[in-house]
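Since the structure comes first, as structure tokens, the remarks are kept for the end.
The values are calculated or read from the model by the stated rules, or taken from the named source; none is laboratory data. Please read these numbers as outputs of a predicted model, since none were measured by experiment. Note that we place each Cβ from the backbone using ideal geometry, even for glycine, and neighbour counts take in every protein chain shown. Each accessible area value is taken on the protein alone, full model and side chains, heavy atoms only, with ligands, DNA and RNA left out. Shrake-Rupley method; radii C 1.70, N 1.55, O 1.52, S 1.80 Å.
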Amino acid sequence: MILDRVNFPQDIKKLTVKELYALAEEIREYIRECVNLNGGHLGSNLGVVELTLALHYVFDFSTDRLVFDVGHQCYTHKILTGRKDDLKNLRNVGGASGFPKTEESIYDAFNTGHASTSISVGLGLCRARDLRGEKHNIISLIGDGALTGGLAYEALNDLGGRPTKQIIILNDNEQSIEKNVGGLAIHTSLLRMSNRYVKAKRRFERHVAKVPILGKPTARLLERKYRALRAFFLPQTIFNELGLTTIGKLDGHNIKRLIRVFKRAKGFSHPVVIIVKTDKGKGHINAQASPENFHSVSANFEDGIATSGGLEKTFSQVAGDTLLALKKQHSDIVTITPAMTGGSGLTQVAKKFPTRFFDVGIAEGHAGTFAAALAAGGVKPYYFCYSSFLQRSYDQIVHDIALSNTPVVMCIDRAGIVGGDGETHQGVFDISFLAGIPNITILSPATLEQLKLCLEFSYNFKTPIAIRYPRGTELTTAHKNDSTLSDIVLGKWEIVRDNRQVATHKASSSNIYIIAEGNHMQNLAKQISDEIYEQKQIRPTIVNPLFLKPIDTDFLSTIEKGAIVAVLESGIINGGLNTYISHFFNENNIAVKFLTYGIPDKFLPHGSVKDLMNLLELQPTKIANDILKKL
């Protein structure tokens, strides 16, 4: 196999173009094997194999810089840059990240994970290069789906106003996670006609320029006439309007042609946009036929296991089902999502109520302000977004939703520890950054049934409300039916297991309260409780803090001095739920023995949820022993 001989970029520079095509197929098979072992992003990686090979064949990314947009399409790049074996342990603790990481390799130019950043990053690297008097190439690889993000246009505007040598490759596969939406998707499809025009024009110019004496002046005159005619008859790309040279569309799987164009672009002294057309999921029949279902898959996907895993309902599916039922009851409900329709369980909602469903593309900032304006216009917006991407609309939440006090419902999917996608996708910051914003109420349902109740409760709520819930299915122990919550009262918590002792001096010193936020932490709390009972025959009181803001001060006031209070939360500890609980105790001079558990002040790496919980020492025996030491 050719792949056995390839470990670093210099190895492919020794290959013929024919061998590169054979290598591309071997890499596809290797990616499928690695993803089948561990899960990961399949379709996007299968689509850019030839493109990545051509880039590494022409450029030297130990000095040149390749900036991926999002970065989930970097598997071929990792295979070619010394991490082939690491990919066998993809997304696991100690294995390769599914995204570029500068800590992993000198060949990774920038840590990425969110969309629409590559042109801005590339331009910053270009300007730094120019200031240092260096000459290396900077390549920004951006997908057409990421062009819906405003940051891409802010960077393009800057580049057009003050040009420098930057190579932008637009990978047009007509897909982000799902089918691209909006005017840009239509616009990029028109480039095929524009490309035919450019080819014909160049051929004619070459012939005219060869005419003695009058050839070159005539060619220059015709060039000005062509521009006017082209503007009248053919669609102008936004890149042309900004003064950027545009090449394409090219076949993104034609390695020979890509190499030729990249070598040409390498010699430019000005910015150039190269547009390539690739097939997402190339080489895998099902991934090509259904790219939205094979964007990110679970391990063992080749054996037919569903990407969501199992037959149990997920939190996302329950959220979508509940909203569908609410929309049937209430004609004023509208839904907004930034390119997360399927992932957020909204496929049927979009199908059944298309006029009241808005997928705005990868544009979280716009989604936030748009939702606020919809509310101001008299309808009831439900804004669905993953926790890690909600932070991209932070200013809009502060300025447009909270300051205006508009009744937007923010449905925050993938909250808490998410797992394999690592630092850029962990949903651990939303409690901290939302709790500090005035006017926002925050709920964290611990069960699927509670999520349904929270969504129903939110319809009549007159101010901004956020509902956070985890990825996947409901975790339970043997005590599955402990929750008896049937009605939601603003600011009231649920006593899941009430084991408060008689308030004698002796008994009060051993009262233990475990306040556990969300499904994962409720599951952990029940395991801790069983561990404590096994060791000391003491039953802690387990509390579900359904409202993270406002907190239940009435309940906290009943906790006696000397009690042990352990707070478990699926977010960062700094600024989290524990902050507000401990502040209440301090303000009211309630002296308790206080323990906090959650995410420390650091970014959480990739790995399974179970492995990350162990890494954080969020383990039943460890926490039970901590509590018992306080007795």
For residue 124, what is the net charge nearby, where nearby means another residue's Cβ is under 15 Å from its Cβ and Lys, Arg count +1, Asp, Glu -1?
-> +1
Return one quarter of the surface area of the convex hull spanned by the alpha-carbon atoms of region 529-627, equal to its mean projected area, in nm².
-> 7.0 nm²
Quick one: in region 240-368, what % of C-alpha pairs are over 18 Å apart?
-> 70 percent
Taking only the C-alpha atoms, wrap a convex hull around region 509-565 and report its volume per residue in Å³ as a whole number.
-> 66 Å³
Taking R0 as 41 Å and r as the Cβ-Cβ distance between residue 164 and residue 610, the FRET efficiency 1/(1 + (r/R0)^6), rounded to the nearest 0.05, comes to 0.30
For the chain, share of DSSP beta bridges that run antiparallel, in % to the nearest 5 = 15 percent
Taking r as the C-beta separation of residue 329 and residue 535 and R0 as 45 Å, the FRET efficiency to the nearest 0.05 is 0.35
How big is the gap, in Å, between the Cα center of region 308-377 and the Cα center of region 103-171?
-> 32 Å
Considering only protein heavy atoms, what per residue accessible area in square angstrom results for region 107-177 with a 1.4 angstrom probe?
-> 35 Å²
Percent of accessible area on region 1-124 owned by carbon and sulfur, 1.4 Å probe?
-> 51 percent
Obtain the nm distance between the two label points defined at residue 11 and residue 355 by a simple spin-label model: each point lies 7 Å from its Cα along the Cα-to-C-beta direction.
-> 5.9 nm
Computed E for residue 626/residue 376 - FRET, C-beta separation, R0 45 angstrom, nearest 0.05 = 0.40
Whole-percent carbon and sulfur share, accessible surface of region 546-631, 1.4 Å | 52 percent
Counting Lys and Arg as +1 and Asp and Glu as -1, what is the net charge of the other residues whose Cβ lies under 12 Å from the Cβ of residue 489?
-> -3
If you place +1 on the Cβ of every Lys and Arg, -1 on the Cβ of every Asp and Glu, and leave all else neutral, what size is the dipole of region 268-421 about its Cα centre, to the nearest 20 Debye?
-> 400 debye
Residue-normalised accessible area of region 393-473, given per residue in Å² at a 1.4 Å probe = 29 Å²
Descending packing, highest mean Cβ count within 10 Å first, for 114-127, 556-569 is 114-127, 556-569
Portion, in percent, of the accessible area of region 271-372 that falls on carbon or sulfur, probe 1.4 Å = 53 percent
Based on the mean of other Cβ atoms within 10 Å per residue, sort peptides 35-48, 78-91 so the most packed one is first.
-> 35-48, 78-91
Specify whether the C-alpha gyration tensor of region 323-380 places it in the rounded, prolate or oblate class, a ≥ b ≥ c being the square roots of the eigenvalues: rounded for a/c under 1.5, otherwise prolate if a/b is larger than b/c and oblate if not.
-> oblate
Taking the Cα centre of the chain as origin, work out the dipole magnitude from +1 charges on Lys and Arg Cβ and -1 charges on Asp and Glu Cβ, in debye rounded to 20.
-> 3060 debye
Where a Cα-Cα gap under 24 Å defines reach, which lysines qualify for residue 622, not counting those fewer than 8 residues away within the same chain?
-> 480, 526, 536, 593, 602, 610, 630
Reduced Cα scattering model of the chain, Debye log10 I(q)/I(0), q = 0.07, 0.10, 0.11, 0.12 Å⁻¹ | -0.51, -0.94, -1.09, -1.24
Cα axis of helix 518-536 to longest principal axis of the chain: angle in degrees, 0 to 90, nearest 10?
-> 40 degrees
With Cβ to Cβ distances under 11 Å as the rule, what net charge do the other residues near residue 572 carry (K, R +1; D, E -1)?
-> -2
Taking the Cα centre of the chain as the origin and placing charges on Cβ (Lys, Arg +1; Asp, Glu -1), which of 53, 553, 373 is farthest toward the positive end of the dipole?
-> 53
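Taking 0.36 nm per residue of sequence separation and subtracting the Cα-Cα distance, how much length would be gained by fully extending the chain between residue 131 and residue 33, in nm to one decimal?
30.9 nm
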